[in-house]
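**Student:** I am attaching a structure below and will ask some questions about it afterwards.
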Amino acid sequence: MTATSSTPTGPGPAATPAATAPAPTDTGTGTHPGPAGASATAGTAPAPAQAPAPVPSPATDTSARATEASARTTAGTLPAAPSDLHRPVIDWFDEHARDLPWRRPEAGPWGVMVSEFMLQQTPVNRVLPVYEQWLARWPRPADLAAEPPGEAVRAWGRLGYPRRALRLHAAACAIQERHGGEVPDDHAELLALPGVGEYTAAAVASFAFGRRHPVLDTNVRRVFARVVGGVQYPPNATTAAERRLARELLPADEPTAARWAAATMELGALVCTARTPHCARCPVTARCAWRQAGSPAHDGPPRRGQTYAGTDRQVRGKLLAVLREATAPVPQRDLDRVWDEPVQRARALDGLVADGLVEPLADGRYRLPLT
């Protein structure tokens, strides 16, 4: 629950996603890692010729630096006592954590799960009003499962990435069918739900049930990259080394581990931000490897930004807006009005149909899906 000013900030316990060289990409905010022979004389056997040392090209040198930075980021050097990080970060969280509705006891596991779906690649201020309306309408998984999936898409509004609405609806149906309408507390059972990946399963198990799991969103990965790895940004995609580091840093007991997961996420969202980290306010700034190294700037390939205007994603959003606001199936002409370029408009509409977000009817009209 991808993170930063445009990154999801996952909940805490109720007590409480650039082009890089060979490195994979991050699905949240696009952060990344920072990669003369002797002459022969008569009667003397010639010495073996040695090729001159190659002079690296700028591109090769940049790639090598990026690879080296990535290795430092994902491996890092563990503090002598990880508990030296646990206490100050958790104490900071106890004092500065935001009062978010999914952190309150009344949210329950379903409220936590809904928040985790909504917060993926979406900032908290955009999620809050939709979250409140969603839980008021569908306070239990069974309530959502009883509705057509198109109603989930309609209620999703302009949060973006609307396939998340379909996946949350599918998860609610599975919870109703497999678990009697109760969100399971077992990590493996959570992971088996439709639309629930590694991050979401760990987040719900940790934040809703206080279980001990490493929770790695972009905010947490950035904190670990700086504090432990000594580099400005983590690799694009979560690496095995990052997962290993997260496990090694996890407190041994479950309640503290769950609190640590929420605290590191909040630290990345409020203090150790992507663009302007507030190091003077950080509870572990004196232990931060990046600060001790002089806060070196990212030296890998340029970071990749996300564009929206003029993209198929924008067209898809405009088409869905028409369908969300309609009370009956929509004729083609109403959809044609939202975008002038017919080829891109048709491509975007075809993509919505293929994704199951729009249902075409035999008479040429379109609606949100009923099944």
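Residues checked against (1) under 25 Å from the mean Cα position of the chain (by Cα); (2) acidic (Asp, Glu); (3) modelled with pLDDT under 50; (4) surrounded by 13 or more Cβ atoms within 10 Å (Cβ to Cβ):
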{"position": "Pro35", "(1), (2), (3), (4)": "no, no, yes, yes"}
{"position": "Ser39", "(1), (2), (3), (4)": "no, no, yes, no"}
{"position": "Ala42", "(1), (2), (3), (4)": "no, no, yes, no"}
{"position": "Gln50", "(1), (2), (3), (4)": "no, no, yes, no"}
{"position": "Asp61", "(1), (2), (3), (4)": "no, yes, yes, no"}
{"position": "Ala71", "(1), (2), (3), (4)": "yes, no, yes, yes"}
{"position": "Thr74", "(1), (2), (3), (4)": "yes, no, yes, yes"}
{"position": "Pro101", "(1), (2), (3), (4)": "yes, no, no, yes"}
{"position": "Ala142", "(1), (2), (3), (4)": "no, no, no, yes"}
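**Student:** Shifting gears a bit: Can you confirm whether segment 174-185 contains a residue that is modelled with pLDDT of 95 or more, in contact with a His (Cβ under 9 Å, 6 or more places away or on another chain) and either open to solvent by 50 Å² or more (accessible area, probe 1.4 Å) or part of a helix (DSSP H, G or I) (or both)?
**Tutor:** Within segment 174-185 (the criterion being modelled with pLDDT of 95 or more, in contact with a His (Cβ under 9 Å, 6 or more places away or on another chain) and either open to solvent by 50 Å² or more (accessible area, probe 1.4 Å) or part of a helix (DSSP H, G or I) (or both)), the answer is no, since none of the residues qualifies.
**Student:** Shifting gears a bit: Scan segment 144-173 residue by residue and report those that are small (Gly, Ala, Ser), open to solvent by less than 40 Å² (accessible area, probe 1.4 Å) and more than 24 Å from Arg126 (Cβ to Cβ). Walk me through it before giving the result.
**Tutor:** Our first condition is that a residue be small (Gly, Ala, Ser); within segment 144-173, this holds for 145-146, 150, 152, 155, 157, 160, 165, 170-172.
Keeping just the survivors that are open to solvent by less than 40 Å² (accessible area, probe 1.4 Å) gives 145, 150, 152, 155, 157, 160, 165, 170-172.
If the condition is that a residue be small (Gly, Ala, Ser), open to solvent by less than 40 Å² (accessible area, probe 1.4 Å) and more than 24 Å from Arg126 (Cβ to Cβ), then Ala145 is the only one that fits.
**Student:** Among residues belonging to segment 203-212 that are crowded, with 24+ Cβ neighbours inside 10 Å and not hydroxyl-bearing (Ser, Thr, Tyr), point out the one that is farthest from Pro109 (Cα to Cα).
**Tutor:** Residue satisfying both the conditions and the ranking: Ala203.
**Student:** Among residues belonging to segment 232-241 that are open to solvent by less than 10 Å² (accessible area, probe 1.4 Å) and not polar (S, T, N, Q), point out the one that is modelled with the lowest pLDDT.
**Tutor:** Pro235
The values are calculated or read from the model by the stated rules, or taken from the named source; none is laboratory data. A quick note: this is a predicted structure, and the numbers were derived from the prediction, not measured. Every residue, glycine among them, receives a Cβ derived from its backbone with ideal geometry; neighbour counts consider all protein chains shown. Keep in mind that these areas ignore ligands, DNA and RNA; they rest on the heavy atoms of the full protein, side chains included. Shrake-Rupley method; radii C 1.70, N 1.55, O 1.52, S 1.80 Å.
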